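Since every read-out is calculated from the coordinates, none of them should be taken as a lab result. For clarity, every value in this text was computed on a predicted model and none was experimentally measured. All Cβ positions, glycine included, derive from the backbone under ideal geometry; neighbour counts span all protein chains shown.
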Amino acid sequence: MYSPCGRSTRYERIFAVGPRGNVSESKLSCRNVWKLFGPDPRGFLRSHDGHPSPEQVKKSGYISAVYDASLEVYEGEILVLMGLSGSGKSTLVRCLSRLIEPTAGEMLFDGSDLLAATDKEMIEIRRHKMGMVFQHFALFPHRTVLDNVAFPLEIQGVEREERRAKGREILELVGLSGRDNYYPRELSGGQQQRVGIGRSLAVEPDVWFLDEPFSALDPLIRKEMQDEFLRLQDQLHKTIVFITHDFDEAIRLADRVAIMYEGRIDQIGTPEEIITNPATDYVRKFTSDVSREKLLSVGSVMRPATAGTTGSGSVPSDAKLGDVASQVLGVDGDHHVHDDSGSIVGVVDRSDLISALYGEQT
């Protein structure tokens with residue numbers, strides 16, 4: 001029996017250095033998860049000892065929407081899934097919430113086996129512990145903004161006045177106070193998305209899934225919604241799995257990024273780690289057009305400081321390269337790199353910035 005509030009003795013709890021450098025506990029994980037489409041996917045996996053090659057999958061006529069995927073989502077972090085259309089991002093998220101049943105693998109939620117949950121238990125988990133926001137807002141056109149936001153509480157059987165009071169709190173949280181009695185057609189696209197976000201927060205979820213929630217919005221509104229999303233996360237500290245195909249969006253939002261290709265997870269790491277040390281040719285190509293000056297920090301490209309090193313100036317280790325480029329590129333010699341306490345932690349010079357921004361110079 002699945003116990004969402006208890007602790008399974010079968011699995012170890014996993015800890016890691018999570019968002020903002022804190023030691024975090026694994027909230028949600030998948031281990032060697034497969035989702036194959038074809039006539040007998042489980043039988044096909046058994047016939048290949050649970051691990052067919054991509055060539056064997058294709059030769060046998062199966063489609064590997066998710067291919068042997070493993071990842072941890074840590075308490076309070078924003079994990080961004082990236083990849084081209086058809087790479088398996090949405091399918092993996094639907095497996096994690098069991099909207100789609102995986103063909104094989106293990107999935108843990110708060111240390112308990114999520115695949116052991118009955119259908120009835122999964123309905124309760126989704127109603128009380130998981131929030132979901134999709135690209136299409138899917139608001140009820142005949143319901144007011146307040147009733148749309150309070151709808152999940154209605155499904156839970158919460159009394160009308162209580163759910164409406166909670167709905168008003170959420171509308172204030174997402175910046176729609178005073179629009180209680182508006183209908184979706186009377187709102188802008190960005191406002192409609194705020195209603196969708198508010199509705200997903202009504203159940204106060206432990207894990208928040210967002211599948212390209214801002215991709216249908218105009219660029220300016222999209223940026224505003226990203227700002228709003230970060231503001232909400234600063235207040236709520238949710239555990240979030242966020243899907244996007246936009247690396248600039250991932251840079252703004254992610255604690256870590258997982259890049260998927262043909263159902264596989266090619267690499268997981270911070271945006272800086274993925275840009276500076278791509279694990280595969282696909283990741284290198286996928287990230288080739290990223291604005292490095294906006295992403296890379298001075299600390300990621302600095303060299304160790306040696307005793308007696310002199311500097312032409314000083315720059316903070318957490319500053320982005322674009323913010324210090326004119327200072328460092330404008331003079332010869334090293335610049336000291338200092339941390340928040342003012343201690344020198346390294347040095348950086350013109351060639352370090354040029355190499356980081358434009359590749360190795362000959």
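Each residue of region 153-166 is assigned a 3J(HN,Hα), and the resulting list reads 6, 4, 4, 6, x, 6, 4, 4, 5, 5, 6, 6, 5, 5 Hz, derived from the Karplus form 6.51 cos²θ - 1.76 cosθ + 1.60 (θ = phi - 60°), x at Gly and Pro. Ordered by the count of other Cβ atoms within 10 Å of each Cβ, fewest first, Ser300, Ser64, Ser47, Ser288 give Ser288, Ser47, Ser300, Ser64. Averaging the Cα positions of each part gives two centres, and for region 126-157 and region 248-271 these lie 28 Å apart. With semi-axes defined as the square roots of five times the eigenvalues of the C-alpha gyration tensor, the equivalent ellipsoid of the chain measures 38, 29, 19 Å, largest first. Based on Cα contacts under 8 Å between residues 6+ apart, region 294-358 shows a relative contact order of 37 percent.
With each label modelled as a point 7 angstrom along the Cα→C-beta vector, the Asp340-Asn181 pair spans 4.8 nm. Once the chain from Thr118 to Leu329 is taken as fully extended at 0.36 nm per residue, the excess over their C-alpha distance is 69.9 nm.
Going from the fewest other Cβ atoms within 10 Å to the most, the residues Tyr261, Tyr67, Tyr182 appear in the order Tyr182, Tyr261, Tyr67. Plainly put, region 294-358 has a radius of gyration that is 0.92 times its Kirkwood radius, both from alpha-carbon atoms, as the Rg/Rh ratio. Note on region 226-362: Cα-Cα pairs beyond 20 Å make up 53% of the total pair count.
Applying 0.36 nm per residue to the separation of Glu273 and Leu236 and subtracting their alpha-carbon distance, the gain on full extension is 10.7 nm. Near the amide H of Thr103, within less than 5 Å, lie the amide hydrogens of Trp34, Lys35, Leu36, all on another chain or at least 5 residues away, with H placed in the peptide plane.
Within straight-line reach of Lys294, meaning a Cα separation under 17 Å, sit the following aspartates and glutamates at least 8 residues removed in sequence or on another chain: Asp227, Asp246, Asp248, Glu249, Asp255, Glu272, Glu273, Asp318, Asp323, Asp352. Largest mean-square fluctuation among Leu81, Leu230, Leu96, in a Gaussian network model of the chain whose springs join Cα atoms under 10 Å apart, belongs to Leu230.
Descending by average beta-carbon neighbour count within 10 Å, the peptides 82-94, 231-243 line up as 82-94, 231-243, the highest first.
Each label was represented as a point 7 Å from its Cα along the Cα-to-Cβ direction; for Ile354 and Ser314 these points are 2.7 nm apart. Shown is the FRET efficiency for Ala216 and Arg31, computed with R0 = 35 Å from the Cβ-Cβ distance and rounded to the nearest 0.05: 0.60.
Could you let me know the centre-to-centre spacing of region 48-73 and region 293-341, using Cα atoms, in angstrom? If we compute the Cα centre of each part, the gap is 44 Å.
Note that region 256-264 has calculated 3J(HN,Hα) couplings of 9, 10, 10, 9, 10, 8, 6, x, 9 Hz, one per residue in order, obtained from phi through the Karplus relation 6.51 cos²θ - 1.76 cosθ + 1.60 (θ = phi - 60°); glycine and proline are x. Checking the Cα-Cα distances for Lys238/Lys320; Lys27/Lys166; Lys27/Lys238; Lys27/Lys129 against a 18 Å cut-off, the pairs over it are Lys238/Lys320; Lys27/Lys166. Under a Gaussian network description of the chain, with springs only between Cα atoms under 10 Å, the residue in Glu228, Glu77, Glu161 that fluctuates furthest is Glu161.
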